[in-house]
Every structure is written in C-alpha cells, then in structure tokens.
Number of protein chains: 4
Amino acid sequence: MAAAPFQPQDPHYERRVRSSFERQQAMKTIGAFLSEIEPGRVVIEMPFSQSLTQQHGFMHAGMIAAALDSACGYAASTLFPHDAGILTIEYKINLVAPGKGQLFRMEGVVIKPGRTITVVEGRAYAIDEGKEKLIATMTATEMTVTGRDDVKH
Amino acid sequence: MAAAPFQPQDPHYERRVRSSFERQQAMKTIGAFLSEIEPGRVVIEMPFSQSLTQQHGFMHAGMIAAALDSACGYAASTLFPHDAGILTIEYKINLVAPGKGQLFRMEGVVIKPGRTITVVEGRAYAIDEGKEKLIATMTATEMTVTGRDDVKH
Amino acid sequence: MAAAPFQPQDPHYERRVRSSFERQQAMKTIGAFLSEIEPGRVVIEMPFSQSLTQQHGFMHAGMIAAALDSACGYAASTLFPHDAGILTIEYKINLVAPGKGQLFRMEGVVIKPGRTITVVEGRAYAIDEGKEKLIATMTATEMTVTGRDDVKH
Amino acid sequence: MAAAPFQPQDPHYERRVRSSFERQQAMKTIGAFLSEIEPGRVVIEMPFSQSLTQQHGFMHAGMIAAALDSACGYAASTLFPHDAGILTIEYKINLVAPGKGQLFRMEGVVIKPGRTITVVEGRAYAIDEGKEKLIATMTATEMTVTGRDDVKH
C-alpha cells in the first residue's frame, strides 16, 4: 500500500512517534521495532521468536495483531497536532494465513484522516525464506484526544 | 456473562484445551493463565507487568487483546469434536477504558456454535484495587477445521 | 439482553428518538418501526416483505443490518444530551442464520456509554411461526456530536 | 482499487452473478444495479432516492451498506466453483462521510481468496455534482458452501 500524500501538522511527527514507541515496554518485550515512518504511514517489524509462538510453533496471531495495532495507531499519530494524544477506539483483524516465517512486517496506512476520527488500514506480512506473504488485514479507528493528561502521544 | 448450557461433544475438552494452551509460549511470555474452563466459556487471567505496558505505563491493549482472543478461541474449542482444530478467522475489539489495574480477566463466551463457524463474545476487565471494570469487548469468528496437520487443537 | 439501569440526560429522549426515526424515509421504505424505547435500549421491528428478499426468498441481510444499525444508534441516542447529534462511526455484524421468518426484531443495548464514544451491542432475531431465533449480532460505535448543523438527532 | 489478476474457476461467473443478483428483490427495491463484474471485483451503483434517506435527507448508511455488502459478496462469488453457494459470515463497515450525492458507487475487491474463506474489501463512494468522495470502507468475510440446497449462488 502506498500512503496518500498527507501533509503533517506537526513537523516533528517522527520524533514524537519514536519517543512514544520507545516508552512502550510491550513492544520491546515482543521484539518489535519501528522500521519506516512517513506522514500517514508506519511500518513495524518483528523477528520470529520462540517465546511468542502459538501451539503449533508459529508466531502467535495476538503478537502480530499487537504490533499491527501499534503500526495503525502511529500511522494516524503522524498526522496529529503536536499536543494531541491518541486513543484506539476499536480494531478488526482478519487472519488470512498462519504466522510462519522468520520476520514479520506490519504496515499501517491512513485511509481517512479526520479532526476527531482517523481510519487506518493495516496489513501484516510474514517473510518466510525471503518470500513475503500477506497474513492479516486490519481496520483501526483512532481518535484524536486533546487536553487529557492520561492520553498523550 | 453466563454461558448457555452447551453440551460438549468431547468429554475431555478441558484436558484438550489445557494441553493446547500450555504449548502457547506467547501466553507464558505475557503471564496469562487459564482460570476457568466450562463448555462454551473460558476465562484467562493475567497480572499487570511492567514489561507489557504502553507509553503511559498501563497494560498494553495489544496484550489484553491477545489474551482475550485466546479466551474466545478456547471457548469455541470446548465445543469442538476431539479431533478438530481451530482457526480464528477474524476478531473485532472495542477498547472502552485503559488497562489500568493489577490483574486482568478475559472471558470468552460462545453465542452461536456451529458445525463450521462458531461466534464468540469476549469481555476484558481490569481489576484495580479490588474494583472490576470493563475495558474491552470482542467478537470473534472461529472455524472448526478437520484433516489438516498444521491446524490442530 | 437487559439494559443496564441508565439515567438519561434528556428527559424527552423518547420524543427526540421518535421524531428522528420518523424522518428516516429509509425505515418507512423497509417497513421498520420503533417498538420499544428505554434509556440505553431500543427495539425495532420489521415484518417480512417480498420486496426485501435476497436470492433465496429470505429477508435480505442488508435490510436486517440497516434496521439493527438504527436500533443501535437510537439506543445510544437515548443517553445523549438534548442538543447532541449522533454519528455512527462503524459497525460490525455477524450473520449467524438466514433471515427466515414472518417478523424480525432488532434490539440495540448500550454496553458502554461515554461523553464522546458510546459502544452498543445489537441482536437481530427472526420470528418464524412463533419461534424466535438469533440471526445476527452487531457491535456499533456511536459518536456524540455537538455544534454541527448537519449532524443532529 | 485494482483487483489482483484472479483466474475464475467458473467461466460463466458473470452469468451466475447476474442471475443471482436479479433474484434479489431487495436490490431492486433500493434501486441498486450491477455495473461492473470481473474476476474478484464487482461494482454496484445506486442513484439517490428520497425513499432511502436518513433523518437529514442524505442517503441512509444502511442502504449504502446493503449495496456494498452485495458488491463484496458477489466479488467473492466470481471466484467460486459453478456449483458453490455463498454465505456472508460477517462484515465491518466504517462510515467516513455522509451519503451526500446523486449517485453512489460500491466496489468490492477480493484481497484473499480461499477454498473455504474469502476476504473482500469494499469501498463506497458518493458522486456529488460530479465529484467522487469516499464515504465508507468495508471488510467482509465470505464462505464457500457446497451441498446445501438453501445456500446457492
């Protein structure tokens, strides 16, 4: 997916996203890292880990979903004002293939930005012996929140 | 939520669910454990952990979702034949409050069992200083799969 | 489903809901009518009509969904301030049985009210020769909107 | 959205889709018609009608959703074997703008075909004074069904 040519309101969106991501201990625990950040689009990658498997030894869908949810949230956040926080209202994920691979790539792309509500589409891919395969699709609804101390960046 | 009075096809459903859950390394990594199993209903619990937080120090929604997704899948699985595997086709989650608390309780309840497709409803609660609060709701669609070596229990 | 004991902010919520519903020409066209209104809960009914069928002669799922979506929206609306409008941000529906019957009952129940976001659960039932059967479940996310002329009641 | 280059299993997929659509009385009632059919992609159009409005005089989201759901289902159906029926298991729709316009275009595109489960993405557009605008996005899960008399084409 290519991001539409969005104009960020906050010129320091990348710094803001990186700083928020680094405070997410959960992303460290599952080995996820930011690999691409541009206005309206964020890619997170995560290597396979034995500690994150489901009962058949593949990557657990819940771990894929957690990283994909983050990619979607940060994709929305790139377009937010510098002082706005983000709330993920809901997301929906279709799991279309097992998490079989050595590396996983989660991409979030804004499809409809808005003052209050931003809709983001996500795709997760497994890279298995060099071949990339779609394993999940997501739609996420993100809300811009201002003036709340417990919801920032 | 109370489970409807479902009749399991496999008398050993509990053993089958426990054995599958124990093979999920991801559940160990996030500290989730099975707390209740009955026909059409499974509860998973997970204590707060600093290693699973989001950027404000609360429990990461992705970790809540992963455990809730597992509760929904296993709730469906209790009603499956002994030789059937399960595929989660999709789920949708609404996050209605932050993951603020010391313990989290994720409950999956079957609302429509079926030969091929089973629909499950999930609720996640945070227990914060003894007070339980709804933090997420889920709907999950599970598929019964037989005859595939890569999809079992 | 029983509605939680919600306290409406607008004592005239019922009049407001009825007045809005009556302006929905689409509801007239599909023969849907309001059958119950209480704080946080609305029921809409719709008789079978040959003009609303799918290819096998059953009630079209899209018509069921349209009425169920309305029931969910109005259930949220009962709890809104008198001057607030409503926007349905998204909904998700699982179709669990065909629309076979003479009458259809669509029920929306608020599960989490909020200042900005309200989450509602819906159930659709077919009444076929006196027997009621669950045919669809919905989760809908509704937003309270104030100060916009194009989004009222 | 461009459809991936899918190879249909049934060379007569277009005839099959048209014949099924024509039996949907609901589509006639809401004035929807098939405008494009190709492997893995179907477009349905629907003119504005006063009889299908919501409370502000715009096209009712439920009618948009019904036509979009049909576009998604038939997009999947183009790739099915000639004797297979289709069941829509679930769909999720995000409403991103009001249904303001003279003509509406609903497009369904398969993103993951499968033997049993096919995932389809939908987009609805309003054409308002010649300008096309995205008003809704959908993800639909469709199931291939064989050997059931009540679920055909």
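The values are calculated or read from the model by the stated rules, or taken from the named source; none is laboratory data. Every value quoted in this text rests on a predicted model; they were computed, and no experiment measured them. Cβ: placed from backbone, ideal geometry, glycine included. Neighbour counts: every protein chain shown.
Do you know which residues across segment C:115-137 are surrounded by 23 or more Cβ atoms within 10 Å (Cβ to Cβ) and either free of Cβ contacts under 8 Å to residues at least 24 places away in the same chain or touching a Cys at 6+ places or on another chain (Cβ under 6 Å) (or both)?
Result: C:V119, C:V120, C:G122.
Please determine whether any residue of segment D:108-117 is within 19 Å of C:D69 (Cβ to Cβ) and more than 12 Å from the chain's Cα centre (by Cα).
no
Note down all Cβ pairs under 7 Å where the first residue falls in segment D:73-101 and is over 27 Å from C:T139 (Cα atoms) and modelled with pLDDT of 95 or more, the second is in a strand (DSSP E or B) and aliphatic (A, V, I, L, M), and they're at least six residues apart or on different chains.
What qualifies is D:T78/D:I37; D:T78/D:V42; D:L79/D:V110; D:F80/D:I86; D:G101/D:A126; D:G101/D:I127.
So A:G57 clears everything in (1) under 21 Å from B:K28 (Cβ atoms); (2) at pLDDT 95 or above except one condition, right? Which one?
Failed condition: (2).
The conditions are (1) away from chain D (no Cβ under 11 Å); (2) over 25 Å from B:M138 (Cβ atoms), and C:G40 fails exactly one of them. Which is it?
Only one criterion in (1) away from chain D (no Cβ under 11 Å); (2) over 25 Å from B:M138 (Cβ atoms) is unmet by C:G40, namely (2).
Kindly indicate the residue of segment A:121-143 that is touching a helix residue (DSSP H, G or I) at 6+ places or on another chain (Cβ under 9 Å) and acidic (D, E) and also farthest from the other protein chains (Cβ to nearest Cβ) among those meeting that condition.
The extreme case among them is A:E142.
Given the criteria more than 9 Å from every other protein chain (Cβ to nearest Cβ) and at pLDDT 95 or above, does D:V110 qualify?
Numbers: more than 9 Å from every other protein chain (Cβ to nearest Cβ): yes; at pLDDT 95 or above: yes.
So D:V110 passes the test.
How do the pairs read when you match residues in segment A:7-22 that are touching a residue at least 12 places away in the same chain (Cβ under 8 Å) with residues anywhere that are assigned to a helix (DSSP H, G or I), using Cβ under 7 Å and keeping only pairs 6 or more apart or on different chains?
Going by the 7 Å Cβ cut-off, the qualifying pairs are A:D10/A:R16; A:V17/A:Y74; A:V17/A:S77; A:F21/A:M27; A:F21/A:Y74.
Quick one: B:V120 ticks every box in (1) part of a strand (DSSP E or B); (2) within 26 Å of A:K28 (Cβ to Cβ) bar one, so which box is it?
(2)
Looking at C:A71, C:A124, C:A76, C:A65, which is the one that is under 19 Å from D:I93 (Cβ atoms) and touching a Pro at 6+ places or on another chain (Cβ under 8 Å)? Break it down into steps so the answer makes sense when it comes.
Working: C:A71 fails: touching a Pro at 6+ places or on another chain (Cβ under 8 Å); C:A124 fails: touching a Pro at 6+ places or on another chain (Cβ under 8 Å); C:A65 fails: touching a Pro at 6+ places or on another chain (Cβ under 8 Å).
After ruling out the rest, the residue left standing is C:A76.
When you go through (1) at pLDDT 95 or above; (2) out of contact with any helix residue (DSSP H, G or I) (no Cβ under 8 Å at 6 or more places or on another chain); (3) of a type outside the set (S, T, N, Q); (4) within 26 Å of D:A66 (Cα to Cα) one by one for C:E38, which number turns out not to apply?
Only one criterion in (1) at pLDDT 95 or above; (2) out of contact with any helix residue (DSSP H, G or I) (no Cβ under 8 Å at 6 or more places or on another chain); (3) of a type outside the set (S, T, N, Q); (4) within 26 Å of D:A66 (Cα to Cα) is unmet by C:E38, namely (4).
If we scan segment B:22-29, do we find a residue that is more than 7 Å from chain A (Cβ to nearest Cβ) and touching a His at 6+ places or on another chain (Cβ under 6 Å)? Please lay out each step first, then the result.
Filtering segment B:22-29 for residues more than 7 Å from chain A (Cβ to nearest Cβ) gives B:22, B:27-28.
After this cut, where a residue has to be touching a His at 6+ places or on another chain (Cβ under 6 Å) as well, the list is none.
No, segment B:22-29 contains no residue that is more than 7 Å from chain A (Cβ to nearest Cβ) and touching a His at 6+ places or on another chain (Cβ under 6 Å).
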